[in-house]
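Novice: My questions will all concern the structure given below.
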Amino acid sequence: MPGMVGRQEASALMEVQQANEIFKLVSQKSVALSAMRRLRNMSSKQTKMIILDNLPTAYFVDGDTGRKETTKMAWKNKFITAEEIAVIIPFPESVIADSSFNIENEAIPSIVEAFATKIDDAILNGNSAPASWPMGLIPLTKNQGNVVSLAANETDQDLYKKILGYDGLFHAVEKDGYMVNGLIGSLGMKAKLRGLTDTTGRPLSIGGNDIDGMKVNYVMNGTWSDDDAYMIAGDFTKAVYAMRQDITIKRCTEGVIQDSAGDIVYNLMQNDMIALRFVMRLGWQVANPVSLMNPDETSRYPFAVLTKQAAPVLKKITFTVQDAEETPNPIEGATVSLGDVSRVTSSTGKVEISVNENYSGTYIVAKDGNVKTGTTGVVTEDKAITVTLA
């Protein structure tokens with residue numbers, strides 16, 4: 001095939017074991033992946049998660065001959081979609097020939113950092129994420145209303161309570177029927193925790209490295225901003241990821257490398273260069289199973305975020321669902337889904353879903369078997385979208 005090395009001609013740069021070691025480094029370097037639960041590898045691009053949606057109810061029996069009541073259980077599906085992450089590193093052949101060190105070993109740390117950074121930004125914030133992925137753990141949590149905000153002039157004691165006290169960060173998760181087993185925070189939060197003192201100036205035992213006996217994973221790759229959140233806490237067994245394809249590596253000696261505009265940057269054969277191409281495919285999802293503490297999916301969530309008082313407001317998309325009459329009527333009870341957030345329209349036919357600035361995703365509107373999809377476009381401000389169902 002012109003312009004590329006064919007499958008038969010491409011020789012493996014590294015053994016499978018070495019490629020697996022690179023993925024282990026990526027999963028360790030990525031704060032999100034290291035906190036989440038890994039599922040078994042996917043056998044196709046999309047895999048289904050079955051989630052409990054309705055709990056059974058038990059009853060006391062009245063006397064020896066009393067009738068036993070029936071109950072029901074319900075499940076629903078969520079899907080994990082594998083998307084590709086890749087990076088190409090070109091080297092001049094002369095550099096490789098003249099180097100006194102192993103180029104491959106020198107490149108691996110940069111590759112690991114690049115993959116981990118992109119994964120964290122997509123999973124935590126939803127930035128540059130594929131449309132098939134959830135919109136990001138932080139905006140998802142904000143959509144569910146699990147937000148604890150710091151007030152102006154918070155004392156150290158106030159901050160302590162905002163994290164561990166009643167109606168605090170941990171309690172927001174516990175009220176929905178989940179237990180906090182993981183924490184991710186910004187470096188700004190680490191400084192706040194490290195500097196906590198009581199009213200006499202003595203350090204509080206909360207420290208900067210762990211809270212309530214749990215280690216705090218701090219994001220140090222530039223993908224986390226204090227303006228978005230200080231910390232996220234939750235049941236990370238409910239945040240899962242799965243691999244479709246572990247990291248593969250190819251050495252390419254022919255072909256071209258183009259920029260985002262399609263212009264040729266390097267011609268490997270003409271420029272006497274070698275390119276190393278690293279590819280992996282994975283997907284992630286958040287399970288939000290029903291709990292005895294909160295059966296309402298629209299307000300229940302296994303995560304909560306701590307934000308500053310003046311945290312930026314997410315951009316609101318107002319969906320209006322209407323029929324196709326000459327004078328359109330609002331449709332009540334239609335389900336609008338975007339980035340793993342689902343809302344049901346009221347009698348006005350409207351729902352609101354909040355997203356990060358510059359978010360772009362695909363929405364699905366459904367009612368009684370009628371389904372319509374569309375894209376939000378890049379969201380730079382609050383916007384309204386009208387959807388007409390036949």
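Novice: Would you mind putting 135-147, 355-367 in packing order, based on average other-beta-carbon counts within 10 Å, highest first? Display every interim value, and only then the final one.
Specialist: Working: 135-147: 22.4, 355-367: 18.4.
Packing order, densest peptide first, comes out as 135-147, 355-367.
Novice: Also: Distance between the C-alpha centers of the stretch 151-211 and the stretch 258-301? Whole Å please.
Specialist: 32 Å
Novice: Now for a separate question. Amide H to amide H under 5 Å from residue 183: which residues, 5+ apart in sequence or cross-chain, H placed 1.01 Å off N in plane?
Specialist: Residues meeting the amide H criterion: 217.
Novice: Listed highest first by mean packing, meaning other Cβ atoms within 10 Å per residue, what order do 220-226, 83-89 come in?
Specialist: Numbers: 220-226: 16.6, 83-89: 15.0.
Highest mean packing first, the order is 220-226, 83-89.
Novice: Averaged per residue, what accessible area in Å² does the stretch 189-262 show with a 1.4 Å probe, protein chains only?
Specialist: Details: 3600 Å² over 74 residues.
That works out to 49 Å² per residue.
The values are calculated or read from the model by the stated rules, or taken from the named source; none is laboratory data. Not measured: the values here are computed from a predicted model. For neighbour counting, all protein chains shown are included, and Cβ atoms are generated from backbone atoms with ideal geometry for every residue, glycine included. Heavy atoms of the whole protein, side chains included, go into the accessibility calculation; ligands, DNA and RNA do not. Shrake-Rupley method; radii C 1.70, N 1.55, O 1.52, S 1.80 Å.
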